[in-house]
1. Looking at the range 46-63, can you tell me whether even one residue there is closer than 20 Å to residue 164 by Cα and free of Cβ contacts under 8 Å to residues at least 60 places away in the same chain?
2. Among the residues of the range 747-761, which ones are under 23 Å from residue 713 (Cβ atoms) and under 35 Å from the mean Cα position of the chain (by Cα)?
3. Pick from 731, 739: which is within 30 Å of residue 616 (Cα to Cα), outside any loop (DSSP other than H, G, I, E, B) and modelled with pLDDT of 80 or more?
4. Out of all the residues in the range 49-68, which are surrounded by fewer than 15 Cβ atoms within 10 Å (Cβ to Cβ) and either closer than 14 Å to residue 30 by Cβ or within 60 Å of the chain's Cα centre (by Cα) (or both)?
5. Which one is surrounded by the fewest Cβ atoms within 10 Å (Cβ to Cβ), of the residues in the range 264-281 that are over 30 Å from residue 185 (Cα atoms) and out of contact with any strand residue (DSSP E or B) (no Cβ under 6 Å at 6 or more places or on another chain)?
6. Based on this model, can you work out whether residue 224 counts as part of a helix (DSSP H, G or I), touching a residue at least 12 places away in the same chain (Cβ under 8 Å) and not assigned by TED's automatic domain parsing to the domain that holds residue 326?
7. Return the residue satisfying two criteria in turn: it lies in the range 193-213 and is outside any helix (DSSP H, G or I) and in contact with a helix residue (DSSP H, G or I) (Cβ under 8 Å, 6 or more places away or on another chain), and of such residues it is modelled with the lowest pLDDT.
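The values are calculated or read from the model by the stated rules, or taken from the named source; none is laboratory data. In this text, all values refer to a predicted model and were calculated from it rather than measured experimentally. All Cβ positions, glycine included, derive from the backbone under ideal geometry; neighbour counts span all protein chains shown.
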């Protein structure tokens with residue numbers, strides 16, 4: 001009870017004392033007067049006396065205090081008339097409406113939600129104390145955003161039926177900017193290196209976008225933890241942040257931050273031992289320990305080691321395994337020894353696998369991706385793999401898996417899979433632009449989860465100056481219970497190479513229909529087979545290369561192909577768009593069988609490896625080789641040739657220009673290709689937390705080879721014919737689609753090379 005309420009209650013008690021001072025009496029009736037919104041029964045429930053009971057002064061005082069304590073009334077009086085107790089109340093007004101004006105930094109709904117947590121909400125009783133608290137809450141939220149000059153004024157407007165309208169007028173003011181950050185006490189590392197760990201920063205050329213120069217208490221807390229992790233990962237076990245001082249300039253526009261630290265000595269690891277009930281051969285667990293004697297201590301490695309051991313035990317059913325690292329410091333030698341105590345807990349079984357949240361998607365579509373079986377031992381790896389497989393489906397915004405204990409048991413858990421579905425249908429109209437093809441118009445209609453079955457249907461139209469594609473496809477990813485997929489494709493593909501200045505002129509129009517199968521060998525390996533019939537119409541004009549004309553003369557302008565495709569892929573990357581670790585290996589074969597007029601083969605191999613150098617830097621190594629040729633004495637059709645050069649192979653050279661050329665120096669492509677790329681990915685400076693942007697520095701190499709060069713080059717593979725380039729690139733997943741551009745400098749170029757330093761692609765091109 002507030003002081004004002006207590007004073008009013010005591011005043012009321014003293015006012016009614018003369019009424020009941022003579023002697024107690026038996027209550028004949030109780031009447032309530034003055035109520036408008038409050039039910040009479042609510043008042044009765046707080047009275048300590050009922051009809052037929054004796055009313056005393058003590059009960060009178062208790063009744064008044066109880067009614068005031070409800071917060072519903074601003075005045076309470078009790079009277080007695082001929083044994084009738086009359087309770088007269090004056091209700092507090094209720095809040096009919098809350099409005100906020102001048103709000104730009106927040107959404108009004110978010111602020112109202114914060115006010116509701118303080119007790120101020122529409123429909124509730126107005127309390128002046130809560131109004132003051134609400135103003136303080138609004139001010140706090142603005143302070144968290146660095147707006148210290150905010151001014152908040154509340155106004156009450158009386159309405160009919162004892163109601164009021166509450167209005168908050170807000171003058172937000174400008175955000176205070178961080179003008180200076182100082183770290184005091186650092187000796188081992190330069191202040192600049194330490195400040196690089198901070199998300200908070202002083203104004204820079206990108207802070208208008210990141211807003212990292214606006215002070216935030218929560219962000220600074222994260223920065224302090226990042227600083228602590230930096231030191232602990234470099235052996236400074238006794239590192240401590242002594243104090244953090246934040247001051248604001250008199251005009252409330254500038255923030256000055258000082259962090260005082262004590263580094264302490266750098267520790268090295270002297271020994272690492274395992275103890276406890278391991279249940280797994282100690283030698284196997286020892287291999288999981290990445291902390292080695294003699295090395296500088298790194299906290300992340302220790303955390304990684306304990307997690308790996310717990311996960312390994314979890315794979316054998318010990319879901320609640322616990323691994324604690326106990327340090328022993330030798331301060332004289334600045335060394336630390338660790339004992340990893342292993343407590344496996346009980347071995348547990350999975351009782352039930354429950355699926356929730358799938359209102360559109362059938363249960364079987366979710367369950368077929370789950371690798372953890374009911375009645376089997378708990379397996380952490382299988383549960384994590386199940387989560388990854390469900391995420392890769394693309395049907396859900398969110399996938400959560402929890403493993404609570406079964407009530408009344410000590411050795412059973414349930415696996416509760418909850419999903420948040422998203423729309424899996426897509427209608428897209430878009431446009432893109434590439435430096436090679438110019439404007440590309442695209443449209444598609446797709447549904448990747450037809451009627452909740454997991455089947456995919458799509459129709460696409462993509463129109464560029466060089467490539468035009470019209471396609472219709474259907475895929476059943478689980479044609480069999482073992483995960484064999486079945487798909488059908490119908491398409492038309494038109495290629496107009498006359499739109500490329502540096503490639504030999506020709507046109508093709510291809511109609512195709514095919515069937516494909518996919519076979520998962522394991523979680524990471526996938527084999528696919530396809531059989532496609534194609535009808536290709538070839539158009540050659542007088543400016544076309546001689547070899548193209550000779551092909552048309554020998555095989556005609558209309559050809560058909562019964563094409564057999566086969567591939568194997570292993571993908572261990574942790575992300576499709578921005579991987580930081582893992583590998584991609586792919587082997588593919590395309591064969592024009594003797595049942596068609598075009599008989600040929602094309603083989604290709606790609607190996608891609610992502611190496612995490614740190615949390616921010618990832619090195620990608622990529623190698624590709626391809627070889628093709630004719631079968632049954634026929635040549636490889638020239639429109640099946642390999643090409644190199646451009647944004648997807650060797651940047652800095654025009655698209656498809658590296659390799660054999662005709663007498664006009666137009667590229668012909670080749671029957672062999674080799675590509676190599678080394679690329680270092682890192683966040684764009686100032687945008688390290690933005691997951692849609694990546695920058696890279698790269699070195700590319702590659703070319704195509706074949707027998708058709710009019711100048712006698714590139715007939716056979718030779719390192720001297722390879723072309724090299726180096727540069728920088730940016731990939732941005734924009735609302736309009738992926739934007740990729742590069743700035744490359746050709747290295748070791750030769751006369752006749754078609755260079756193009758700046759290249760870009762906006763949107764998806766096909």
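1. Scanning the range 46-63, I find no residue that is closer than 20 Å to residue 164 by Cα and free of Cβ contacts under 8 Å to residues at least 60 places away in the same chain, so the answer is no.
2. 756
3. Going through 731, 739 in turn, the sole match is 731.
4. Answer for the range 49-68, where residues must be surrounded by fewer than 15 Cβ atoms within 10 Å (Cβ to Cβ) and either closer than 14 Å to residue 30 by Cβ or within 60 Å of the chain's Cα centre (by Cα) (or both): 50, 51, 52, 53, 54.
5. Among them, the one singled out is 281.
6. Numbers: part of a helix (DSSP H, G or I): yes; touching a residue at least 12 places away in the same chain (Cβ under 8 Å): yes; not assigned by TED's automatic domain parsing to the domain that holds residue 326: yes.
Taking the combined requirement at face value, the residue satisfies it.
7. 212
The rows are residues; the columns are (1) under 30 Å from residue 296 (Cβ atoms); (2) out of contact with any strand residue (DSSP E or B) (no Cβ under 6 Å at 6 or more places or on another chain); (3) at pLDDT below 95.
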site: 316; (1), (2), (3): no, yes, yes
site: 321; (1), (2), (3): yes, yes, yes
site: 333; (1), (2), (3): yes, yes, yes
site: 347; (1), (2), (3): no, yes, yes
site: 357; (1), (2), (3): no, no, yes
